[in-house]
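The values are calculated or read from the model by the stated rules, or taken from the named source; none is laboratory data. In this text the structure is predicted, and so the values were computed from the model without any measurement. Every residue, glycine as well, gets a Cβ built from its backbone with ideal geometry; the counts of neighbours run over all protein chains shown. When the accessible area is computed, the model is the full protein with side chains, heavy atoms only, and any ligands, DNA or RNA have been set aside. Shrake-Rupley method; radii C 1.70, N 1.55, O 1.52, S 1.80 Å.
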Amino acid sequence: MEKLTAATLERHAQALQSQWEAFDGHLMVCHCTTCLAAGAADIFAAMKREIEAHGLGDRWQVKPTGATGLCAEGPVCLVQPAGTFYGRVRSQQ
């Protein structure tokens, strides 16, 4: 395992930034316990399916995230870089 230093953290941060910038946007679906219980896994799968069906898989990334702190609004989705938040999302939408 690599020793954790300021230089290694900077390298990791640059690598993550490059990965992030490789896409036009990111569709993030919360995968906390509450959101998963409310159907987040189905929403995640539906989003991935639709992105691929429309040939956008190389431009848009669908990713699971941790808790957003808005559990009462779950399942929660966030669109970046716009910063658009959607709560109580259903896979039929």
Given 0.36 nm per residue, what is the gain on full extension from residue 82 to residue 67 after removing their alpha carbon distance, in nm? 3.5 nm
Do the sum for the chain: with -39,500 (n - 2.57) for every DSSP H run of n ≥ 4, divided by all residues, what is the mean residue ellipticity at 222 nm, to the nearest 500 deg cm²/dmol? -11500 deg cm²/dmol
With label points set 7 Å from each Cα along the Cα-to-Cβ direction at residue 34 and residue 9, the distance between them in nm comes to 3.0 nm
Enter the angle in degrees (range 0 to 90, nearest 10) between the Cα long axis of helix 6-21 and the first principal axis of the Cα atoms of the chain, meaning the one along which they spread out most. 40 degrees
Using alpha-carbon coordinates, inclination of helix 40-53 to the longest axis of the chain, degrees: 80 degrees
Suppose R0 equals 25 Å; then what is the FRET efficiency for residue 20 and residue 54 from their Cβ-Cβ distance, rounded to the nearest 0.05? 0.70
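Given a 1.4 angstrom probe, I'd like the percentage of the accessible area of segment 1-62 that is carbon and sulfur, rounded to a whole number. Don't skip to the answer; put the middle values down first.
On the way: 2480 of 4280 Å².
Of the solvent-accessible surface of segment 1-62, carbon and sulfur hold 58 percent.
What are the semi-axes of the equivalent ellipsoid of the chain, taken as the square roots of 5 times the eigenvalues of the Cα gyration tensor, listed largest first and rounded to whole Å?
Over the Cα atoms of the chain, the semi-axes work out to 27, 18, 11 Å.
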With every protein chain kept in place and ligands, DNA and RNA left out, what is the accessible area per residue of the chain? Probe 1.4 Å, answer in Å². 68 Å²
